[in-house]
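Each reported figure results from applying straightforward, stated rules to the coordinates on display, with no laboratory input. Computed from a predicted model, the values in this text were never measured in an experiment. Counting neighbours? That spans all protein chains shown, and the Cβs are built from the backbone with ideal geometry, glycine included.
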Number of protein chains: 2
Amino acid sequence: MRPKAMEYFDQMIANNAVAIKNVKEAGRKVVGYYCVFSPIELIEATGALPVGLCATKQEPIADGEKVLPRNLCPLIKSSYGFAASGKCPFFHFADAIVAETTCDGKKKMYELMEKMKPMIVLDIPNTTNLERRKQHWTEEILRMKDFLEDTLGQEVTIDNLRNTIATYNEERKNIMELVSLNKHEPAPMSGIDLLKVMWGRSFQIDREEFKTNLLALIDEVKDIVANREQSTAEKQPKKPRILVTGSPTGVGQEKVMKIIEDAGGQVILQEACSGIKGFVDLVDETADPYEALAAKYMDIPCSCLSPNPRRMELTSGLCNEYAIDGVVDITLQACHTYNIESYTLKEYLREHNGVPLLQIETDYSQSDNQQIKLRVDTFLEMIQG
Amino acid sequence: MRPKAMEYFDQMIANNAVAIKNVKEAGRKVVGYYCVFSPIELIEATGALPVGLCATKQEPIADGEKVLPRNLCPLIKSSYGFAASGKCPFFHFADAIVAETTCDGKKKMYELMEKMKPMIVLDIPNTTNLERRKQHWTEEILRMKDFLEDTLGQEVTIDNLRNTIATYNEERKNIMELVSLNKHEPAPMSGIDLLKVMWGRSFQIDREEFKTNLLALIDEVKDIVANREQSTAEKQPKKPRILVTGSPTGVGQEKVMKIIEDAGGQVILQEACSGIKGFVDLVDETADPYEALAAKYMDIPCSCLSPNPRRMELTSGLCNEYAIDGVVDITLQACHTYNIESYTLKEYLREHNGVPLLQIETDYSQSDNQQIKLRVDTFLEMIQG
């Protein structure tokens, strides 16, 4: 049974794409961001609204390819196409953009995008074993603070920042509580529904409203699980429990997850940055807030970091915790870092968990759906023995 | 007339691929490197031989693709394939490898390669407008010094380092003197011959021998130019003067340059890192040598840096200095940074020089030769009006 509380999340992003105009008209500044590396607490602490930017639809890619190469990640082409064509309302209404040098494609694309809006591109160190990494991140966060204050004409106060950090930590805990309900067998939430909530989190314009709906959803899902466990109905045969990882899978391009679920797999959770990657760590509320933000954000286990052992450990741990039968590693076309890291992850999971990994390289088009379906069918068959 | 002194350079890399064994047997340590960002003065200052590593042949790509994705730069797949298959004698005999986080593909590939040899991967900041960039580079160079000393058991002395810096500066000046002879019309050196010298520079095992041959070549080319100018022979119709830029074009994959020259263009020089990119700046001999190395290497105008205005300014200046009629921008398959930057460079040269740019995306295979030839023919026709 699908939770009724999902209705809010079904419409949330579309509703907010309209309502963002009201936010602006009410005089609130808006700051757009693309990536889970963006320390958005800092945006909220200026009084501005942090909001995710459109990046996950096929349609604007043609606009992106007017300037960008074809052999490039669809997320990057879509982001640029949305911005250049004015089709992303969140970008349109943004007073400033926060971005990062996560990957080659993004950092070079941002050189072109920064002609459109006031923008800061945070420098992310490539290497995880640099001694100065935390200090580097702290300096970048302070540079972002200066940029926001100058651009918005609004100051970050320490009290605001501490309050925001606490609010966002609570939100992360709530989201992880929802995700953890999928430890039950069968999982009460579909992967696509979980995605709607987690992706939607970046497109909030009213954090209280989001929280109320999220808590209602958690309660409802708990009830579903409890009632189901009391029921005497026959158990269904177990469907393979799949963890999805790799390049981000946002709302609008959930085709691989849909294929897995249509083929009889359960997408239990996403390790990707469109999943739990940004939610597993909290910001330390007892430390200096800038250093605490640095410590949290620098450790997001993205493949753009080299080496990236945390992703192996995290995914391996999730496989145990969530009783995962198989991992599907989605690589967006020409996403070199996730593409190359797939080999390392596959070897790691084989060795530590005995869990098989299927890598799927794809883009936002529908042209490879049949081929993906064939591969997913085979993978699920293999898992079921 | 082709200079006779080119005979040395025709055979040099092949000869040294055999002779490297003798270097090792004579007890000298060998340190391999891939990239123009490697501060190789530091290697030489330990007493070890710095030597370039094989990366520019099609053959080992199949070995690379056993582990690496297909949609990746051929240079990266070739480098890994050469190393993994033992087909690069310079890698085979290396006691250590110096590498850098230049691009996504390389940094992730190095995570796999570092299981084969003692290796340091220098962290290159992504952003050029970071205040701490020079300090970051200096710290990385000192980390490299420690790595080399620990791995080789040989110390860098300041005197050795200063002497090496002076020697390498002299070598850069000599190479730039050779290149600058191509300001003459017609250019006395073919682009492929210049490449042999400049690429060969990384595969020296005897710097005195290389220098002697380089100086002999310079003298001979000067004579050719002088005699030609005294001659009363009819002038040939002028061939379009082409500057090549973009991803590196090494010996073994000079197919685009060959197509340009066969089609009646003159490849005057390469702005790429296989050309003059590493030779235009000297290391300051009066400053602290570690800081001086940092200052020189951090400013190499590679597209991996963001933004990269120096490449625009350098290429634009070269177009004027060398009376360039057209620029061919070679993008190796899936090299995102050069691929995206091509748009910026094209706009810049149109605006500042009125010089047209043709971008050619290719790999190491021969399968696209006919298509490239068609495009180059059209480009040259267009230039000649």
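Can you tell which of A:Gln366, A:Gln270 is buried (at least 19 other Cβ atoms within 10 Å of the Cβ) and either under 15 Å from the mean Cα position of the chain (by Cα) or in contact (Cβ under 8 Å) with a residue 40 or more places away in the chain (or both)?
One residue alone meets the criteria, A:Gln270.
Give, as residue ranges, the strands (runs of 3 or more DSSP E) completely inside the range A:1-112 that count at least 1 residues that are surrounded by 24 or more Cβ atoms within 10 Å (Cβ to Cβ) and within 14 Å of chain B (Cβ to nearest Cβ).
A:96-100
Going by the structure shown, is B:Ile300 among the β-branched types (Val, Ile, Thr), under 30 Å from B:Glu140 (Cβ atoms) and either more than 14 Å from chain A (Cβ to nearest Cβ) or touching a residue at least 60 places away in the same chain (Cβ under 8 Å) (or both)?
yes
I'm checking my understanding of the structure. Among residues of the range B:322-339 that are of a type outside the set (Val, Ile, Thr) and away from chain A (no Cβ under 14 Å), which one is surrounded by the fewest Cβ atoms within 10 Å (Cβ to Cβ)?
Top of the filtered list is B:Ala323.
Any idea which of A:Thr245, A:Thr167 is part of a helix (DSSP H, G or I) and either in contact (Cβ under 8 Å) with a residue 24 or more places away in the chain or of a type in the set (D, E, K, R) (or both)?
Testing whether each residue is part of a helix (DSSP H, G or I) and either in contact (Cβ under 8 Å) with a residue 24 or more places away in the chain or of a type in the set (D, E, K, R) (or both) leaves just A:Thr167.
When the range B:356-385 is examined, which residues are found to be under 22 Å from B:Cys304 (Cβ atoms), away from chain A (no Cβ under 14 Å) and of a type in the set (A, V, I, L, M, F, W, C)?
B:Leu357
Looking only at residues in the range A:340-355 that are within 14 Å of chain B (Cβ to nearest Cβ) and more than 24 Å from A:Asn369 (Cα to Cα), which one is surrounded by the fewest Cβ atoms within 10 Å (Cβ to Cβ)?
A:Glu347
Please go through the range A:248-270 and give me each residue that is among the acidic types (Asp, Glu) and in a helix (DSSP H, G or I), ordered by number.
Answer for the range A:248-270, where residues must be among the acidic types (Asp, Glu) and in a helix (DSSP H, G or I): A:Glu261, A:Asp262.
In this structure, does A:Phe203 turn out to be out of contact with any Ser or Thr (no Cβ under 7 Å at 6 or more places or on another chain) and under 14 Å from A:Phe9 (Cα atoms)?
Yes; evaluated as a whole, the condition is true for this residue.
So how many residues does the range A:114-154 have that are of a type in the set (A, V, I, L, M) and more than 11 Å from chain B (Cβ to nearest Cβ)?
Counting residues in the range A:114-154 that are of a type in the set (A, V, I, L, M) and more than 11 Å from chain B (Cβ to nearest Cβ) gives 7.
Just the residues that are over 16 Å from A:Met312 (Cβ atoms), in a strand (DSSP E or B) and of a type in the set (A, V, I, L, M, F, W, C), please, taken from the range A:329-379.
Once the filter is applied, which keeps residues that are over 16 Å from A:Met312 (Cβ atoms), in a strand (DSSP E or B) and of a type in the set (A, V, I, L, M, F, W, C), the range A:329-379 yields A:Ile330, A:Leu332, A:Leu358, A:Ile360.
Quick test of your reading of the structure: B:Cys273 fulfils all but one of (1) assigned to a helix (DSSP H, G or I); (2) out of contact with any Asp or Glu (no Cβ under 9 Å at 6 or more places or on another chain). Name the failing condition by number.
Tallying (1) assigned to a helix (DSSP H, G or I); (2) out of contact with any Asp or Glu (no Cβ under 9 Å at 6 or more places or on another chain), B:Cys273 fails exactly one: (1).
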